[in-house]
Amino acid sequence: MFLDFIWYTACSFIRIFQNMTPSPTIQNTLAKITNAFHGMGKKNDILMQGVSPADISAPIQMKMGNVAMELDNIFSKALSLGASDIHIEPDEDTLLLRIRVDGRFMEYGRFPNSEKAPLIAKIKILSSLKIDEQRLPQDGKATYHDAASGKNVDLRVSIIPTIYGEKVVIRLLRKESELMDLRSIGVLPMNMVKIKKHLENQFGLVLIVGPTGSGKSTTLYSMLSRFDPEEKNISTLEDPVEYRIKGVNHTQINPQIGFNFADGLRSLLRQDPDVIMVGEIRDSETARLAVEASITGHLVFSTIHANSTVNTLQRLTNLGIDPLLITSSLRLIVSQRLARKLCPHCKVAYKPDESIKKKVLSRIGKYVSDPDELMFYHALEGGCEKCGHKGHKGRTGFFEILEMTEGIEKLVLSHASKTQLEIQAVGDGMITIKDDALIKVVLGEVSLEEVLQVLGG
């Protein structure tokens with residue numbers, strides 16, 4: 001406890017003096033304190049203080065057990081495994097660290113409670129949060145330099161108090177430079193035809209929907225990358241900017257200074273854009289502006305939180321958008337989920353039970369060339385070296401794509417139910433997300449167990 005007190009005191013003084021211009025004597029004292037507690041000389045400790053990575057000299061060797069070293073090891077391990085989130089969770093006796101890889105948790109390790117205070121304080125300093133605030137939730141941002149790839153990674157930090165102390169979740173947002181093709185993320189050829197058709201429109205609204213972490217941003221950028229920036233004025237509003245496309249005007253919104261999606265979109269419409277990407281429709285004002293922009297000659301792409309394609313139509317109505325404007329602007333809705341792909345090197349083939357086979361064929365029989373030889377696959381227990389002994393490698397998407405047809409328009413205008421809308425959409429040729437997933441089971445990309453876990457029964 002005494003060491004924790006010293007740590008908090010030192011950190012508090014550092015944060016105060018970082019915003020001042022101290023004398024040389026104080027500067028020397030701060031350097032000694034920082035060396036003792038932070039591991040000064042590490043690239044990320046200097047990034048924390050606002051110095052460019054190019055100005056950093058060779059790192060100083062640090063003692064094992066140093067908080068900065070431990071945190072650096074956590075980030076490095078998580079990034080090497082392709083993790084999306086880091087969870088730091090206190091309980092009565094220990095501090096549990098877990099990382100989320102391909103949508104599943106892996107335990108990184110457990111630490112004694114004595115490590116809790118300095119580790120969380122270090123994270124707070126890194127993300128410019130209040131060190132002495134332990135009663136209220138806090139959200140912050142930071143940048144971590146990944147030495148393995150030589151790239152910076154954006155960190156989104158969320159801290160919330162629990163009965164055993166503060167719980168921290170850090171989302172890792174890689175600033176990707178290479179975009180994935182639509183086919184590589186799991187879009188089936190018949191759905192690809194629909195997407196390509198609507199990407200040729202001169203105006204209209206295209207929405208990508210799904211829960212957090214379902215790959216919506218990747219799909220958006222894959223669509224956006226199909227346009228030629230030399231022929232069109234392409235602009236985006238994002239939080240954060242995850243990918244960089246040459247020739248595209250990326251804009252980072254900043255709600256803390258009053259620059260939100262609605263304000264940005266209103267200003268962007270005066271920039272003579274051809275294609276607009278709005279990172280997320282969060283409120284009725286942004287929804288209204290996006291719809292108006294798509295009607296007045298712009299092709300607008302965005303995401304919205306909804307459970308399915310037909311739920312999206314109802315969600316827009318709930319946001320106050322007139323059904324007539326919905327049918328006039330909306331061109332395409334893509335609903336998606338992410339699932340783990342089976343390792344192609346060690347997956348195991350088997351013949352499904354006849355009852356299961358019959359149910360599957362009743363849904364997707366027209367896509368199966370030889371029903372008698374139908375084979376399913378599951379992960380090999382213990383996997384192989386290629387997949388890190390997990391049995392799975394990478395992720396793919398399950399998709400449901402709804403086009404705004406004449407039949408859907410009539411139902412939207414008449415305020416039809418979800419069931420009526422879904423029946424009409426399937427009749428118009430929509431492949432439901434469950435059917436899309438079952439097709440991928442037959443293709444050997446995913447297991448039936450994975451489909452049931454992601455989509456339920």
ask   = Which one of the conditions (1) out of contact with any helix residue (DSSP H, G or I) (no Cβ under 9 Å at 6 or more places or on another chain); (2) open to solvent by less than 40 Å² (accessible area, probe 1.4 Å); (3) modelled with pLDDT under 90 does Val169 fail to meet, given that it meets all the rest?
value = (3)
key: Residue check for Thr432: among the hydroxyl-bearing types (Ser, Thr, Tyr), open to solvent by less than 30 Å² (accessible area, probe 1.4 Å) and either under 13 Å from Ile364 (Cβ atoms) or out of contact with any Leu (no Cβ under 8 Å at 6 or more places or on another chain) (or both)   = yes
ask   = Any idea which residue in region 206-240 is nearest to Val454 (Cα to Cα), counting only those that are open to solvent by less than 20 Å² (accessible area, probe 1.4 Å) and of a type in the set (Ser, Thr, Tyr)?
value = Ser214
task = Within region 100-121, track down each residue that is farther than 30 Å from Gly397 by Cβ and not aromatic (Phe, Trp, Tyr).
result = Gly109, Arg110, Pro112, Asn113, Ser114, Glu115, Lys116, Ala117, Pro118, Leu119, Ile120, Ala121
task = Scan region 132-153 for residues that are in contact with a Phe, Trp or Tyr (Cβ under 8 Å, 6 or more places away or on another chain) and open to solvent by 10 Å² or more (accessible area, probe 1.4 Å) and report the count.
result = 3
ask   = Considering region 85-105 alone, what residues qualify as being buried (at least 16 other Cβ atoms within 10 Å of the Cβ) and assigned to a loop (DSSP other than H, G, I, E, B)?
value = Asp102, Gly103
key: Qualifying residue in region 173-185 (condition: free of Cβ contacts under 8 Å to residues at least 40 places away in the same chain, of a type in the set (A, V, I, L, M) and out of contact with any Phe, Trp or Tyr (no Cβ under 7 Å at 6 or more places or on another chain))   = no
query = Hey, any hits in region 269-282 for a residue that's over 21 Å from Leu324 (Cβ atoms), assigned to a helix (DSSP H, G or I) and not hydrophobic (A, V, I, L, M, F, W, C)?
reply = yes
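The values are calculated or read from the model by the stated rules, or taken from the named source; none is laboratory data. All values derive from a computational prediction rather than experimental measurement. Virtual Cβ from ideal backbone geometry, glycine too; neighbours counted across all protein chains shown. The protein model used for the area step is the full one, side chains on, heavy atoms only, and it has no ligands, DNA or RNA in it. Shrake-Rupley method; radii C 1.70, N 1.55, O 1.52, S 1.80 Å.
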